[in-house]
Amino acid sequence: MAGLRDAEIRPILGMTSPWYYRNKMEFTFHPGALLGLHRRGAFDQVETIDTCLLQSPESNEILRRVREFAVSSGLSRYDPRDHTGLLRQLILRQGKATGEVMVGLVTTAPEVPGLRGLAQLLVEKIPTIASVVHGINSGASDGLPLGGVTVLAGRPYIMEELAGFRFRIGVETFFQTNTAQASRLIEVVEAMAALAGGETVYDLYCGVGTFSLALARRARRVVGIEISASAIETARENAAENRMANVEFTSGDVRRVLPEVHHRAGPPDLLVLDPPRGGAGGRVMRRVIATGAPRIIYVSCNPTTLAPDLRDLAAAGYVVRAVQPLDLFPHTYHVECAALIERQAAPG
């Protein structure tokens with residue numbers, strides 16, 4: 001799809017034990033299925049889940065107790081067909097290195113009888129729970145940002161450790177769902193970066209600073225860009241938590257902010273980007289090419305959107321040196337890729 005002929009595609013890095021690996025799960029309440037997962041491609045069909053072998057035993061215990069609460073409370077469950085019902089989602093997050101667990105309860109209205117009692121019960125029965133939060137989503141889509149997030153027990157975040165750093169994880173924080181493989185992904189990116197200590201690095205779609213902090217250990221300066229203001233705030237907290245003074249974060253759309261960062265920070269020696277599943281797209285890639293970065297590392301969770309972006313880079317004089325796939329999503333057909341790209345000719 002990218003029109004490449006000589007790119008080195010390395011063997012996929014798989015997991016030794018591909019079970020209980022997910023650090024985040026989202027379960028849906030439904031009038032017909034109680035609490036479970038959506039059928040693929042069917043937004044209004046949910047299968048009740050008793051036990052999930054991709055999440056930890058503690059998470060399965062929480063799932064069971066929340067289901068019992070849903071039954072005993074008699075509270076209505078959200079129906080996506082007519083947008084009625086109170087209970088909507090259960091979000092479970094766990095720090096695989098720290099063991100800390102977060103329970104996120106999403107409803108369509110702020111007043112929910114018995115919710116604080118449920119939070120207290122969960123904390124008493126499962127000591128690893130460090131956070132129970134309540135978020136509101138009254139919109140038509142499950143993917144909408146939560147409104148009015150309140151803490152029912154513990155604190156508003158959990159801590160996770162990755163690649164020698166500590167990260168704060170909130171209920172809506174983007175973080176790779178497979179901590180073990182995310183650590184290997186960082187190792188791959190660091191190896192491809194091959195930093196010597198004097199470089200300026202751009203980290204586009206930086207999230208909470210996962211790559212930024214790791215690269216800052218061996219760079220002179222790292223500048224991260226992310227459209228989510230809350231993610232940028234968390235990234236700054238993570239930099240402070242880990243005492244990294246040579247990394248800075250800017251909030252805004254990459255397409256609009258990148259030229260300003262380029263003018264202010266100077267040209268990058270290395271540009272890293274990890275865009276959403278839809279890819280960066282032609283307009284962003286033109287901005288990337290305009291920076292003149294001699295080396296680019298493109299991290300993608302979707303090879304079919306990675307390909308056209310690589311084609312744009314090839315047309316601008318860049319060469320794909322290597323692509324390293326990693327299995328971050330065992331038992332699915334999805335694959336993460338890190339591509340190392342080097343400029344061979346002047347852009348344009």
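Bear in mind that the values in this text are calculations on the coordinates, not laboratory data. Here the structure is a predicted model, which is why all the values come from computation and not from measurement. Every residue, glycine as well, gets a Cβ built from its backbone with ideal geometry; the counts of neighbours run over all protein chains shown.
Run through every distinct alpha carbon pair of the range 24-169 and return the Kirkwood hydrodynamic radius in angstroms, one decimal place.
15.5 Å
In whole angstrom, the chain maps to an equivalent ellipsoid with semi-axes of 39, 21, 19, each derived as √(5λ) from the alpha carbon gyration tensor and ordered largest first. Kindly express, to the nearest 10 degrees and within the range 0 to 90, the angle between helix 57-73's C-alpha long axis and the longest C-alpha principal axis of the chain. Helix 57-73 sits at roughly 40 degrees to that axis. May I ask for the distance between the Cα centers of the range 1-42 and the range 98-177, given as a whole number of Å? Here the two parts' Cα centres lie 22 Å apart. The antiparallel fraction among DSSP beta bridges confined to the chain stands at about 60%. When a/c is below 1.5 the answer is rounded, else prolate if a/b is larger than b/c, else oblate, so apply that to the range 189-348 with a ≥ b ≥ c taken from the square roots of the Cα gyration tensor eigenvalues. The shape class here is rounded. Extension gain, residue 37 to residue 98, is 19.3 nm, computed as 0.36 nm per intervening residue step minus the present C-alpha separation. Annotation: the antiparallel percentage among DSSP beta bridges lying fully within the range 221-348 is about 65. With Cα atoms defining each centre, the range 274-333 and the range 237-257 are spaced 22 Å apart in the structure. A helix-only calculation puts the chain at -8500 deg cm²/dmol for mean residue ellipticity at 222 nm, using -39500 (n - 2.57) for each DSSP H run of at least four residues, averaged over all residues. Taking the dipole about the Cα centre of the range 24-169, with the C-beta of Lys and Arg at +1 and of Asp and Glu at -1, give me whichever of 107, 158, 76 is farthest to the positive side. Final value for the positive-end residue is 158. Taking the C-alpha atoms only, the angle from helix 303-315 to the longest principal axis of the chain is near 20 degrees.
Relative to the longest principal axis of the Cα atoms of the chain, helix 179-193 runs at roughly 10 degrees.
For residue 77, the amide hydrogen comes within under 5 Å of the amide hydrogens of 86, 87, counting only partners 5 or more places away or on other chains and with H modelled in the peptide plane. According to the Kirkwood relation over distinct C-alpha pairs, the hydrodynamic radius of the range 35-96 is 12.9 Å.
Database remark: amide H of residue 129 closer than 5 angstrom to the amide H of 101 (H placed geometrically; neighbours at sequence offset of 5 or more, or on other chains; Pro and chain starts carry no H). For the Cα trace of the range 1-77, dividing Rg by the Kirkwood Rh returns an Rg/Rh value of 1.21.
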